[in-house]
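The values are calculated or read from the model by the stated rules, or taken from the named source; none is laboratory data. None of the values given here were measured: they were computed from a predicted structure. Every residue, glycine among them, receives a Cβ derived from its backbone with ideal geometry; neighbour counts consider all protein chains shown. All accessible areas refer to the heavy atoms of the entire protein, side chains included, with ligands and DNA or RNA removed. Shrake-Rupley method; radii C 1.70, N 1.55, O 1.52, S 1.80 Å.
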Amino acid sequence: MAMSNLYSKIAPKPDKQRYRELSVTQTNAWVNAESCNNGGFSITPPHSVSQREAMQILQPASAPTSPLASPNLTSTTSTTFSLNVASCSSEATTSNNSSTNTASNSSPCLLLQHGEGTIDPNWQATKPSVRERNAAMFNNELMADVRFVVGNPGHTQCIPAHKYVLATGSSVFYAMFYGGLAEDKEEIEVPDVEPSAFLTLLKYLYCDEIHLEADTVLATLYVAKKYIVPHLARACVNYLETSLTAKNACLLLSQSRLFEEPDLMQRCWEVIDAQAEMALRSEGFVDIDMATLESVLSRETLNCKEMHLFEAALNWAGAECLRKEIDPTPENKRAVLNSALFLIRLPTMSLEDFANHAAQLGVLTPEETIDIFLHFTAHSKPNLSFPTRTRAGLKPQVCHRFQSCAYRSNQWRYRGRCDSIQFSVDKRIFVVGFGLYGSSNGAADYTVKIELKRLGRVLAEHNTKFFSDGSSNTFHVYFEHPIQVEPESYYTASAILDGVELSYFGQEGMSEAAVGAVTFQFQCSSESTNGTGVQGGQIPELIFYGPTQPPEDH
């Protein structure tokens, strides 16, 4: 499955974003400025990340096939732009056989027309700025001195361009057209790039505009890297970061390794660590490459049960068997996992998980199964091929929003009313749960419904219980899964308690509090019907995963 198509299946489609005058420093020297081939500089698209990380610039006779190219691509224009693009599909021929054969051997760019914006012979007079006149040349045959045949053979699209414009925006195009090894070709084949992504690149070079969509952003990042256009690449990375969720984090981790984007890799790891169970069960996990699988299985800070990792690895192995066109039997799954199997920390599972699940799946040998059982039960433990140290996971952090607590004989009471507070953060975090006050009148049991909302939409809710020992301590209640919270947006934390009516409550509340590298801001919520606000009330603590150290001053 093409990577761009897979990403479009699992990624939310946010509103189109326009990035202008992005300040991005190019850090990766991907090509030799004097080395070019038919389609500019060829980045070898390999089949695994371990290969991808050792990218070389080659000069083959023809450019390779992109890992992002869509196998079902049709020769139509992208819906992002209103374009006048002629199709260069192999079907764009006359109906009789002889003319078809002739057309197949002739130039695929014969059908291109001038752009609508330049039909008027005096079109220059209607465009007062250099930018408008330059934009009129985008995807326009008028004065074009080069044409690109873009896409897989049989599904190509011919795109006219102007060497001067391309060379001023890309060092690769400059070397291609004006460098020491420049070739005077009227048509350049680019089979490893999707036409829609190539048009997005040209739109930026001609118009200084960037329009990105979920189903083409990875292909656009590929072409931006290929032609060394760092501002466009940065815009693609920013787009991917804003749409990053547990559902696509593993897939984007694999791609960020390919594109050598360490910031995006770090964002992916933050999501995978905190929401490991959801990430491992995502549709895209089975499509990652072996090197990314190994990096996930060896990750020390994953926040999930080892059984979930074992199941995810077997799901990946089953998909890999199908890719290799072999039966997904337990033996074949073990074979395709190879050494990655021994990165799973089977001895750290609970005895129940191992006995009732892992030991019965047929992947382990009888000797391995017996040895792990002995590890669980015997005083003298055998040597194992699997790691025996439990993963460290993530350490929860706690934001305290009150400076003191108190109780009085006539408050704090409940009776089914809602305690609620709004908060925002300056960095992405993952809310795990809340700390709540309990009874001020002796030990008591409470039932509670906790909820997290954003803009009125419920992100998570959970009904649970806790025991209060009658002290002024807080008591932690947790959601079923951590909830991703983005910076610079207000969220509403709510709790409805049922139990002994008199309880402790917070006072001397803070409108701003810093924990590690994260700063929280609080404001009152209109949903709070039981008196909780910034200055006092319930929900004294927010429990979360997030960055632990403040950024260093430069």
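Mind running the shape call on segment 261-377? Use the C-alpha gyration tensor, a ≥ b ≥ c as the square roots of the eigenvalues: rounded below 1.5 for a/c, prolate if a/b tops b/c, oblate otherwise.
oblate
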- request: Please give the residues of segment 145-170, grouped as numeric ranges, whose backbone N is less than 13 Å from a label point set 7 Å along the Cα-to-Cβ vector of E186.
  value: 145-148
- request: Apply the Karplus parameterisation 6.51 cos²θ - 1.76 cosθ + 1.60, with θ equal to phi minus 60°, to every residue of segment 451-462 and state each ³J(HN,Hα) to the nearest whole Hz, in sequence, with x for glycine and proline.
  value: 8, 10, 10, 9, 6, x, 9, 6, 8, 6, 8, 7
- prompt: Per-residue HN-Hα couplings for segment 213-225, Karplus 6.51 cos²θ - 1.76 cosθ + 1.60 at θ = phi - 60°, whole Hz, x for Gly and Pro?
  reply: 9, 4, 7, 10, 5, 5, 5, 5, 4, 4, 6, 5, 5
- line: Distance in nm between L322 and D469 label points, each 7 Å along Cα→Cβ, equals 5.2
- prompt: What is the set of long-range amide H partners of E189 at a cut-off below 5 Å, with H atoms built 1.01 Å from backbone N?
  reply: V149
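Ranking request for peptides 321-329, 190-198: highest mean number of other beta-carbon atoms within 10 Å first, then the rest in descending order.
Details: 321-329: 12.7, 190-198: 25.7.
So the peptides 321-329, 190-198, ranked by packing, come out 190-198, 321-329.
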- request: Considering Cα pairs under 8 angstrom that are at least six residues apart, work out the relative contact order of segment 397-545 and quote it in whole percent.
  value: 44
message: Below 13 angstrom from the Cβ of A513, what's the summed charge of the other residues (Lys, Arg +1; Asp, Glu -1)?
response: -3
- prompt: Per-residue HN-Hα couplings for segment 420-428, Karplus 6.51 cos²θ - 1.76 cosθ + 1.60 at θ = phi - 60°, whole Hz, x for Gly and Pro?
  reply: 8, 8, 9, 8, 9, 10, 9, 9, 5
- prompt: Of K395/K427; K185/K226; K225/K247, which sit over 22 Å apart, Cα to Cα?
  reply: K225/K247
query: In the full protein assembly as shown, how much of T216 is accessible to a 1.4 Å probe, in Å² to the nearest 10?
result: 20
task: Would you please give the residues with an amide H less than 5 Å from that of L212, counting only those at least 5 places away or on a separate chain, with H modeled from the backbone geometry?
output: Q17
field: Counted charge near E187, where neighbours are those whose Cβ lies closer than 15 Å (Asp, Glu -1; Lys, Arg +1)
entry: -3
field: Computed magnitude of the charge dipole of segment 381-509 (debye, nearest 20; Cβ of K, R +1, Cβ of D, E -1)
entry: 360
field: Candidate lysines for bridging to K465, where Cα separation is under 17 Å - those fewer than 8 sequence places away on the same chain excluded
entry: K449
query: Where does the charge balance sit around F522 when Lys and Arg score +1, Asp and Glu -1, over other residues with C-beta under 11 Å from its C-beta?
result: 0
- line: Residues whose modelled amide H sits under 5 Å from the amide H of D289, counting only those 5 or more places away in sequence or on another chain, are V49
